[in-house]
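One structure is given below, encoded as structure tokens.
Here, each number is a calculation from the coordinates, and none is a lab measurement. Here the structure is a predicted model, which is why all the values come from computation and not from measurement. Here the Cβ positions follow ideal geometry from the backbone for every residue, glycine too, while neighbour counts run over all protein chains shown.
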Amino acid sequence: MIGYLVRRIGGALLVLFGLSLLLYGLFYLAPSDPAILTCGKGCTPERLAEVRHAMGVDDPVATQYAHFLQGLVAGRDYPAGPATRHCPAPCLGYSFETDQPVTALLLDRLPVSVSLAIGAEVLSLVAGIGAGALAGLRRYRWLDRVVNGLVLAGYAVPVFLVGLLLLLIFCVQLQWLPFPTYVPITTDPLAWAQNLLLPWVALAVIQTAAYARLTRAGIQETLAEDHIRTARAYGLPESRIVWRRALRGALLPLVTLTAIDLAAIMTSAVLTETMFGLPGVGQLLVGAVNQIDLPVVVGVTMLTGVLIVAANTVADFLYAAVDPRVELR
Amino acid sequence: MRRALRDRGFLFGAVAALLMVLVAATAPLLAAAAGQDYTTYHDNLLDSARGGVPLGRFGGISGDHWLGVEPGTGRDLFARVVYGAQVSLGVAIGATILEVLIGLLVGTAAGLGGRWADTILTRLVDLVLALPILVLAISLLAIVPPDWPRPLLLATVIAVLGWGGTARITRGETLTLRTRDYVAAARLSGAGWFRVARREILPGLTAPVLTYAALLLPTNMVVEAGLSFLGVGVRPPTPSWGQMLSSATTWFRADPMYVFIPGGLLFLTLLSFVLVANGLRRALDPRQSEVLR
């Protein structure tokens, strides 16, 4: 177990190292020179050299990358005029645009994206397992059809289309909900949920269909197994069989999927955040991309990479933890 | 094939998808038939008192402008939508073909190569599968110079980030196929690995890769629409559905038709391709018929 832990985490770190190398190489070798953009119009060669030095883009790429890694692990010092300023670990540099530390920018935006992802995940788990269980028990045939239809449609509706339609229906036509603006949960939990409701639904629609499909298949499979037959032969009440046995077997795969999907939602929330104008990490990325603010772009991409790799690692452990048949090697 | 044709969903999807491909291919002709192009502004068709909303009902639908005009500019929506189909389908098809090519190459190399080649390539595939596609695509598309050919670039970026799945499937199938007797026979008769891959393995890969690629196509279309929605897709004035939906976010209160037309088309096109993929899977891969019923 310990050996597996060490190897798995080692592997995850290796992937992250590869990702950082790839990102850094790609973005800093990019043909658009950020120093020229920062320097602006009427830029003299001397001024440009100064800007390049202040931004740290006049060193060779390998040196820049070494500094970048050093900043991530141990923090680093930046020249700022005559003095230096210290950027504590994990340091992702300073935004070219606003001159704020990228780490602070990310931490500032993270609560929005986390609220979005967790709410959507909870919503789709509840709705998906509910619908999947009902469809799997063959209680309602129409539900089975709805789930199947949704699975197909789920592939066919981009999240921003769902979002636009929801806004059109609930904010414009019916006027039941205000146009979403982000309210921190610490300020007003009710307003937080009310404002995030539509983004949650938009994100959850597709996920719900996937969970419903999995639950349905899982339940049908488990109900066909021998131990269920045995339980029936013992005369256990049907509700007990369904709740304690069938559902349990069917939900195993969902546990690991949830961990992975949570990270996937956070990264795909770029579209939802832009659509609803929520100030999350995704919106930060879109803004930074338009300004060619490389440190922020690299920072957001690294953060999503870390989230996905971490989620995959956690999922592997969870898988072994909930399913006694799985052995960690 | 006959089995697929008995499937109503597949038939509907196939007809609709072919129709869409036809529309995209003949976009200039269709726009000419309507007597419109996608760049001309029609200020006279807009209600300047209401901020540039099209005059008339349903977003200004008329005999001249079959689907109305774009709010704010008055450009013909029919012309923009058919040219948008070109971008949407072209990028998605191009990306899918590239993904299949890369996936086949890496997958067969991993499946037929030695242990080391397999280990390294499988690691690489794992890495690619773990990449945050949307985030990386946005970043990559933003840093390339604006004068590079945009649709080609979009297809390449989507493919470079998305070939992992095809490679994984190809590797798995190749590992099974290489243990077959006829492959051993070919090896014994002196065929090299390249020849074996081309003549013996590749035919066996057709069905699984085709079913997977069929589902990749609509997925890539969603990615393209998303990238265009975020403003890193094709450059204006070239129209695309995602881009129209993005500008619709500021107009949907005053002119809901501007959401429904590109949105509805995007949905119908995606749905028809998903139905085709679903039908193909059912016909070619009976084991998996349960997965997408």
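Based on alpha-carbon atoms, the Kirkwood radius and the radius of gyration of the protein assembly as shown give Rg/Rh equal to 0.98. Our compactness index for the stretch A:197-309, the C-alpha radius of gyration over the empirical 2.2 N^0.38 Å, is 1.56.
Inter-chain Cβ neighbour count for B:140-147, averaged per residue, equals 5 (cutoff 10 Å, partner chain atoms only). Taking the average, over residues, of other Cβ atoms within 10 Å as the packing measure, peptides B:257-269, A:91-103, A:2-14, A:240-252 rank B:257-269, A:91-103, A:240-252, A:2-14 from highest down. A simple charge model with +1 on the Cβ of Lys and Arg, -1 on the Cβ of Asp and Glu and nothing else charged puts the dipole of chain B at about 1220 debye relative to its Cα centre. Once divided by 2.2 N^0.38 Å, the Cα radius of gyration of chain B becomes 1.19. Shielding of peptide A:6-17 by partners, expressed as the average count of other chain Cβ atoms within 10 Å per residue Cβ, is 1.
For chain A, a Gaussian network of Cα nodes joined below 10 Å ranks A:L196, A:L303, A:L165 by mean-square fluctuation, and the top entry is A:L165. Based on a Kirkwood Rh over C-alpha pairs, give the Stokes-Einstein translational diffusion coefficient of the stretch A:102-322 at 37 °C and viscosity 0.692 mPa s in µm²/s. After rounding, the answer is 172 µm²/s.
Helix A:141-156 versus the longest principal axis of chain A: what is the Cα-based angle in degrees, 0 to 90, to the nearest 10? Computed tilt is about 20 degrees. The charge dipole of the protein assembly as shown, taken about its Cα centre with unit charges on the Cβ atoms of Lys, Arg (+1), Asp and Glu (-1) only, comes to about 2560 debye. Among A:H67, A:H53, a tally of other beta-carbon atoms within 10 Å of each Cβ gives an order, fewest to most, of A:H53, A:H67. The charge dipole of the stretch A:102-322, taken about the Cα centre with unit charges on the Cβ atoms of Lys, Arg (+1) and Asp, Glu (-1), comes to about 1000 debye, rounded to the nearest 20.
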